[in-house]
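The values are calculated or read from the model by the stated rules, or taken from the named source; none is laboratory data. Keep in mind the model is a prediction, meaning the values are calculated, not measured. Here the Cβ positions follow ideal geometry from the backbone for every residue, glycine too, while neighbour counts run over all protein chains shown. Calculation scope for accessible area: heavy atoms of the full protein, side chains included, ligands and nucleic acids excluded. Shrake-Rupley method; radii C 1.70, N 1.55, O 1.52, S 1.80 Å.
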Amino acid sequence: VIPDASDGAALGTTSLEWSDLYLADGAVIGFGDDQDVTLTHVADTGILLSSTDQLQFGDSGTYIFQSADGVLDLVSDTEIEINATTIDVNGNLDVSGTIVGASTLSATTITASTAFVPDASDGAALGTAALEFSDLFLADGAVIKFGDDQDVTITHVADTGLTLKNAHTSGNSGI
């Protein structure tokens, strides 16, 4: 079946549709006047969308595409929402923005590259009355600072002990 002109015939109508379509292994469906977008059947594997073309949803701002070899991009101009009981990520998670959670973050080890901080001054507790931490390990020379202006400090003096400093009494006392 060949149309008499480019874009000159429809396959079916809004009220008379074809039912099933059967294509052979390796079949290609070309889209556009120059077939610049294609869907290719990959035998026993799936469907391949050509090159860096996009599979769009709703409008041009929400799509999936391969931006580089081995890189799959899910793009949305507002939000990508994943709903499931469990989301299993196998690999490193690289987050460029803020992680906002409404629940508990649980991990075997949490590593901070610069600081672990509350969201505001006096904004979070370290532990609770029922969930206490066990041990605290601090490096040589570590300083524990108290107060909004850190006016009282306890400083570790390597191989010697601790120094307690109160800025208001301008004195140090060894512990």
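Say whether the condition of being within 30 Å of G97 (Cβ to Cβ) and either among the β-branched types (V, I, T) or at pLDDT below 95 (or both) is met by at least one residue in region 57-64.
Yes.
Residue under question is G58, and the condition is that it be of a type outside the set (A, V, I, L, M, F, W, C), open to solvent by less than 80 Å² (accessible area, probe 1.4 Å) and without any contact (Cβ under 8 Å) to a residue 60 or more places away in the chain; does it hold?
When the stated conditions are applied, G58 does not pass them.
Can you find a residue that is modelled with pLDDT under 90, of a type outside the set (A, V, I, L, M) and under 30 Å from K145 (Cα atoms) anywhere in region 90-101?
yes
Identify, please: which residue in region 151-161 is in a loop (DSSP other than H, G, I, E, B) and open to solvent by less than 80 Å² (accessible area, probe 1.4 Å) and is, among those, farthest from T104 (Cα to Cα)?
Of all residues in region 151-161, those in a loop (DSSP other than H, G, I, E, B) come to 151, 158-160.
Going one step further and asking which of them are open to solvent by less than 80 Å² (accessible area, probe 1.4 Å), we end up with 151, 158.
Numbers: D151: 33, A158: 37 Å.
Step by step, filter region 151-161, then rank; the result is A158.
Every residue in region 44-59 that is assigned to a strand (DSSP E or B), polar (S, T, N, Q) and under 22 Å from D25 (Cβ atoms), please. Show your work before the answer.
First pass over region 44-59, keeping only residues assigned to a strand (DSSP E or B): 46-49, 54-57, 59.
Imposing the further condition that a residue be polar (S, T, N, Q) reduces the set to 54, 56.
The answer is none; no residue qualifies.
Mind listing just one residue for me: the one in region 8-34 that is at pLDDT below 95 and either touching a His at 6+ places or on another chain (Cβ under 9 Å) or on the phi > 0 side of the Ramachandran plot (or both) and, of those, least open to solvent (accessible area, probe 1.4 Å)?
Top of the filtered list is G12.
Yes/no per residue for (1) among the small types (G, A, S); (2) surrounded by 10 or more Cβ atoms within 10 Å (Cβ to Cβ); (3) in contact (Cβ under 8 Å) with a residue 12 or more places away in the chain:
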position	(1), (2), (3)
S6	yes, no, yes
T62	no, yes, yes
L74	no, yes, no
I87	no, no, no
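Go over the candidates A125, A102 one by one and state the one that is more than 26 Å from the chain's Cα centre (by Cα), open to solvent by 70 Å² or more (accessible area, probe 1.4 Å) and over 30 Å from G26 (Cα atoms).
None of the others qualify; the one that does is A125.
Within the group D119, D148, D140, which residue is touching a residue at least 24 places away in the same chain (Cβ under 8 Å) and not in a strand (DSSP E or B)?
Residue meeting the stated conditions: D148.
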